[in-house]
Every structure is written in C-alpha cells, then in structure tokens.
1. Mind listing whichever residues of the stretch 335-352 are in contact with a helix residue (DSSP H, G or I) (Cβ under 8 Å, 6 or more places away or on another chain) and crowded, with 18+ Cβ neighbours inside 10 Å?
2. Tell me which residues, restricted to the stretch 197-233, are outside any helix (DSSP H, G or I), exposed (fewer than 14 other Cβ atoms within 10 Å of the Cβ) and among the hydrophobic types (A, V, I, L, M, F, W, C).
3. Taking the stated definitions as given, is A261 under 19 Å from I290 (Cα atoms) and small (G, A, S)?
4. For the stretch 379-387, indicate whether the set of residues that are under 21 Å from the mean Cα position of the chain (by Cα), of a type outside the set (F, W, Y) and at positive phi is non-empty.
5. If you scan the stretch 335-349, which residues turn out to be touching an Asp or Glu at 6+ places or on another chain (Cβ under 9 Å) and either assigned to a helix (DSSP H, G or I) or modelled with pLDDT under 95 (or both)?
6. Residues in the stretch 201-213: is at least one among the acidic types (D, E) and touching a residue at least 40 places away in the same chain (Cβ under 8 Å)?
7. Within the stretch 298-334, count every residue that is part of a loop (DSSP other than H, G, I, E, B), buried (at least 16 other Cβ atoms within 10 Å of the Cβ) and in contact (Cβ under 8 Å) with a residue 24 or more places away in the chain.
8. Counting residues that are of a type in the set (S, T, Y), which helices (runs of 4 or more DSSP H) fully inside the stretch 91-159 reach at least 2?
Amino acid sequence: MKILVVSLLRLGDFIQILPVVNGLRRQFPGGELDLLTFTPAQQLAPMITGVSKWWTLNREDLQQGLGNIDIPLLTSFSVLQEQLDLVNAREYDLVINLTQTDFSAWICGYINTPSRAGLMRDVKGAAQFHSGWFQYLNDHAALSVPDIFHYSDIFYFGSGLKNGERDWSMTESVRGRREAAALGIGAGEQIVLQLLTSDEKKNWSTESWLQMLRQLQVFRPAAQFILLGAPSEEAHLEEVYHRAEARGLNVIEAILSLEGAFSLLKTADVLISGDTSIKHLANCAGTPVIELSLGSSDYRRTGAYTADSLLLQPRIACTPCPHSSACSQSTHKCAEQLSPSAVSLSVHHYLNKDWAQLKQLAAELNQEVNWLRTHITGSGFWLAINILESQAMRLVDTLVERSAWKFFLNRDHLNSLAEYGSEGTRIKSEIEIHLAAADMTDMRQHLSFLESRAENISEKASALIEGVKKRTPSIAEIRDFITAHQPDAESLPWLEQLRSQVPRTVVEIGGLRRVHNHLERCRSQAQVKTKLIRCLKTQLTESK
C-alpha cells in the first residue's frame with residue numbers, strides 16, 4: 001500500500017495534519033507513506049518518523065517564474081510537471097489532499113491513483129471531494145458559520161480514520177536537544193512566550209507583553225521567562241529582551257530552529273502564544289497552551305488541540321477577521337481589549353490549576369474577554385467550552401449536533417448495525433463530566449424537545465423532497481426551511497441564489513439538484529439525530 005498525503009499550506013497547517021500521518025501509519029503498518037509539501041515543512045522531517053519520502057515544492061520559485069518577465073511564461077508549469085511526473089512514477093494506491101485549495105486540487109487530479117480523498121479536479125476541471133468531510137469543509141468555509149469542527153478533526157475523519165486518540169507525537173532530534181541545552185536553563189518553572197505570529201493582526205503589542213511579564217514575575221518570582229523565536233525574528237526579540245532586562249525582568253532569549261523549539265517545549269510548564277505554528281508544535285510536545293486568540297485567529301478551526309488548554313478571546317464583534325484583509329478598525333481593538341493584567345492573572349491561576357479562580361476572573365471581565373477551556377470528547381472531536389457556560393442545554397445541543405454530523409459524514413448511518421448505543425453512551429459520559437449539577441429531569445425534557453424537533457425536520461424535508469420531484473413547493477418555502485433548520489447553510493453560495501430568485505416555483509431554479517441533495521441531507525441528519533437522542537434518553541433514564 002503506497003499512500004501520498006498532500007499538504008500545501010503554511011507550516012502550522014502542516015503540523016495540524018500530524019494526527020493523520022500517525023494514524024495512517026498505524027492503520028497501514030506495512031505500507032509506504034509519502035508526503036508532498038511546500039519546502040518549509042521539510043524542517044520537521046528529522047522529528048517525523050515513518051515517512052518513506054518527502055516531496056517538496058518551492059512555492060516562491062514557482063510564483064517568481066509566473067511573475068518574472070525575464071522567465072518564459074510556461075517555465076513554472078514545465079518545472080511543476082516534471083516534479084509531478086516523478087511523483088506519479090511512485091504509482092500510489094491512495095492520494096489524500098489535506099489542503100482544500102484549487103492549486104492542490106489540480107495537482108492531486110494530475111496524479112494517477114485508483115483511490116482518492118479530499119478536493120481534486122479532473123481533466124475537465126470538475127471538482128470532486130471524495131468524502132463528505134471535505135464537502136463539509138467546503139460548505140463551512142465562511143467565517144459567519146456558527147459552528148464547525150476543528151480542522152484536525154475534519155482531516156482525521158476525512159482521511160478515513162475513525163474514533164481513537166489523536167497521536168500528535170514527534171521524536172526529539174539530537175540537534176534539537178543540543179540547541180535547548182545550550183540555553184543553560186536551570187531547574188524550576190519554565191514559562192515560554194512566543195511573541196510573534198505570521199499575521200500582524202494576530203500579534204499582541206510588545207508593551208502589553210512586557211507589562212504582563214512584569215505583573216507575572218510578581219506572582220511567580222522563581223519562574224524563568226523564555227522568549228522563543230525563529231532566526232528570522234531575532235532582531236525583534238533582541239529589542240524585547242533588552243527592554244525586559246531594563247525593567248528588571250528575568251528573561252532568557254531563545255532563537256531556535258523548529259527542532260530546538262520542540263525540545264524546549266518538551267520541558268516547558270506552559271506556552272503563551274498567539275495563533276502560530278509553535279502553538280501546534282506544543283501540541284506535539286504535550287505542552288499546555290494559553291492561546292491569545294486575536295485578529296484573524298479562529299480558535300474553532302485551529303485552536304490549541306490539547307485538553308485543558310486555555311484560550312483567551314476578546315469580545316470584539318469583528319473577530320475573527322479574514323486573513324487576507326487589513327484590520328477594519330482605526331486601532332487594533334481586539335489586542336487592546338486583552339489587558340496585561342487579565343493575561344498575567346490567567347497564567348498564574350492556570351499554572352496553579354485553579355479553575356475556580358479562573359472562573360471568578362472570567363466572571364469579573366466577562367464583558368471584555370471569553371475564557372475557553374479545551375476538551376477532547378469521548379466521541380473523538382475537539383471542543384472549546386466557555387468556563388462560564390451556564391447554559392447546560394446549549395452544550396448538550398452541541399454534543400448531539402456534532403455526533404450526528406460525525407455519524408452522517410462517516411456514513412455510519414448507512415450501516416444496519418450502526419452503533420447508536422455506543423455513541424449515546426459517549427454523549428452521556430460528556431454530560432456527566434460537564435453537567436453534574438444539572439437537573440436531569442430538565443435535561444430529559446430538553447432531549448424530548450430536540451427529538452420532536454428532529455422528527456419535524458425529517459417530516460418537513462420528506463415533504464419538500466416529494467414536492468421538488470413534482471416541482472410544486474415555492475422557493476420561499478424551501479429557503480425558509482433550510483435557513484430555519486440548518487443555520488450552517490447560510491454559507492452555501494446557492495442559498496444566496498435562492499434568496500434572490502423572483503420566480504415562485506423550483507421549476508425555474510438552476511440548482512434544482514443541489515436543493516434536492518441538501519434536503520436529502522437534512523432528512524438523513526434529522527433521522528440520525530432522532531436515533532441518537534432516543535438512545536441517550538434511554539441511557540439517562542436507566543442511570544437514574
């Protein structure tokens with residue numbers, strides 16, 4: 001079995017697919033696993049074992065070839081074709097695209113293979129997703145979508161891997177150990193700070209970092225504060241280091257390669273960081289993370305994937321903002337609203353494992369910041385839960401909705417022996433963990449309400465499907481049903497087309513098949529949800 005995994009995005013995005021790489025190695029122990037990435041990701045090669053071959057593309061060279069008038073126009077295409085012909089010669093049994101861009105889709109469509117997963121484009125340019133999970137990712141791309149699975153979960157399930165603990169493990173290299181050891185860090189508490197990100201909008205100001213450090217040193221005078229950065233960030237870190245020293249702060253400057261950063265994180269007590277590749281590297285090192293979710297950082301999709309990490313997100317209406325656009329505000333409001341005292345107190349209580357104090361702090365500053373605690377559910381997906389969350393029913397809604405999606409996208413509902421009971425047991429365990437004080441009578445009543453609503457959705461969708469076949473329901477009727485019962489559908493482009501349609505019947509709608517398919521999905525999901533809720537209600541009743 002030869003498998004090619006394609007990831008053609010930034011370094012942090014590549015690290016997020018590590019559970020897929022480790023999961024495939026586990027599932028196909030005798031197979032060969034190759035990776036196709038952009039050149040920077042190969043820095044991780046010394047720490048990732050079990051990869052037979054690394055194929056790399058130099059994005060800068062390809063882009064320069066397309067934009068340089070001194071280079072023939074088709075040179076980059078020729079270079080890329082030569083590289084892909086070498087890849088093709090490996091004759092892969094399975095190609096998995098974990099990038100979801102047109103560039104990667106064309107590349108993966110060019111590679112010959114009998115089995116595919118992820119977005120591909122064929123010779124006619126038609127897009128195929130080869131998995132409901134990648135279709136889900138495409139449909140939920142808009143930032144306005146109210147809820148979404150973490151990218152790592154989408155890639156994991158979309159690659160055909162099932163429930164099981166995510167394996168983020170990497171192997172320390174000799175070079176990494178030497179770099180970390182050369183810092184001369186002594187025993188005691190180590191607090192690592194990653195000050196910069198790849199997007200200015202996600203950065204906290206230098207002055208905020210310094211004020212936070214000054215306050216935190218009062219709380220934890222014996223701690224060692226380590227300013228971590230890549231060689232490209234050395235000039236900035238030098239400036240911060242000297243300013244910190246001038247204020248009497250106990251700081252250590254650590255300019256390290258990724259191998260050295262990984263070894264440093266292995267011994268750290270906590271990492272404080274924005275949305276960076278280093279945050280994801282901390283997942284691999286097993287290091288607790290306090291994430292400052294600013295600007296374009298979307299914790300729902302790329303949050304620190306470790307249990308019991310802490311995410312701080314300012315309550316600003318414009319967050320998260322698009323990566324590609326400039327800040328829409330006159331000043332960096334999200335960064336300004338996250339005060340140094342809020343962060344220093346959060347770090348102090350977090351290191352003391354004092355969630356009661358964190359909850360009290362969150363209550364005091366609830367209008368300014370969201371405090372979110374990460375959790376890996378028994379059903380195999382990641383959640384970030386507001387530590388002030390008092391709406392027990394809302395959490396249950398999320399658990400049931402996510403589990404129903406997972407059943408549907410994994411196509412488990414098509415199996416006559418689908419394990420609804422086992423999934424119900426996992427949801428019940430989550431309820432007992434998070435909602436121990438909740439009134440179970442109210443919980444059962446709420447589940448009955450959810451069950452009734454799911455049944456109504458199924459019945460209404462069935463009626464509309466029959467109507468579509470006969471071309472009788474109005475556009476408004478279909479549109480209102482979809483937006484009322486599928487809030488995530490707001491991001492679907494064809495739904496916007498439905499809104500603007502003047503004709504009254506679906507006869508004149510060009511996207512008739514998409515309407516039918518979406519209604520079919522609504523019905524199937526509602527039926528899955530009904531079965532899960534019934535199993536859960538039975539188990540909660542039996543445990544009284």
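The values are calculated or read from the model by the stated rules, or taken from the named source; none is laboratory data. Because the structure is predicted, anything quoted here is derived from the model rather than measured. Neighbour counts are summed over all protein chains in view; Cβ atoms, including those assigned to glycine, are modelled from backbone coordinates with ideal geometry.
1. Passing the criteria: A335, L338, P340, A342, V343, S344, L345, S346, V347, H348, H349, Y350.
2. A222
3. The answer is yes for A261.
4. Taking the stretch 379-387 and keeping what is under 21 Å from the mean Cα position of the chain (by Cα), we get 379-387.
If we keep only those that are of a type outside the set (F, W, Y) too, we end up with 379-380, 383-387.
Checking which are at positive phi leaves us with 380.
Within the stretch 379-387 (the criterion being under 21 Å from the mean Cα position of the chain (by Cα), of a type outside the set (F, W, Y) and at positive phi), the answer is yes, since at least one residue qualifies.
5. Keep residues of the stretch 335-349 that are touching an Asp or Glu at 6+ places or on another chain (Cβ under 9 Å), which gives 337-340, 342, 348.
Passing the criteria: Q337, P340, A342, H348.
6. Quick first cut of the stretch 201-213, residues among the acidic types (D, E) only: 207.
Subsequent filtering for residues that are touching a residue at least 40 places away in the same chain (Cβ under 8 Å) retains none.
No.
7. Going through the stretch 298-334, the residues part of a loop (DSSP other than H, G, I, E, B) turn out to be 298, 303-309, 315-332.
Filter once more, so that each one left must be buried (at least 16 other Cβ atoms within 10 Å of the Cβ): 298, 303-306, 309, 316, 319-321, 327, 332.
If we keep only those that are in contact (Cβ under 8 Å) with a residue 24 or more places away in the chain too, we end up with 298, 303-306, 309, 319-321, 327, 332.
Number satisfying all stated conditions: 11.
8. On the way: elements: 102-110, 132-139, 151-158.
In the stretch 91-159, 102-110, 151-158 are the helices (runs of 4 or more DSSP H) which contain 2 or more residues that are of a type in the set (S, T, Y).
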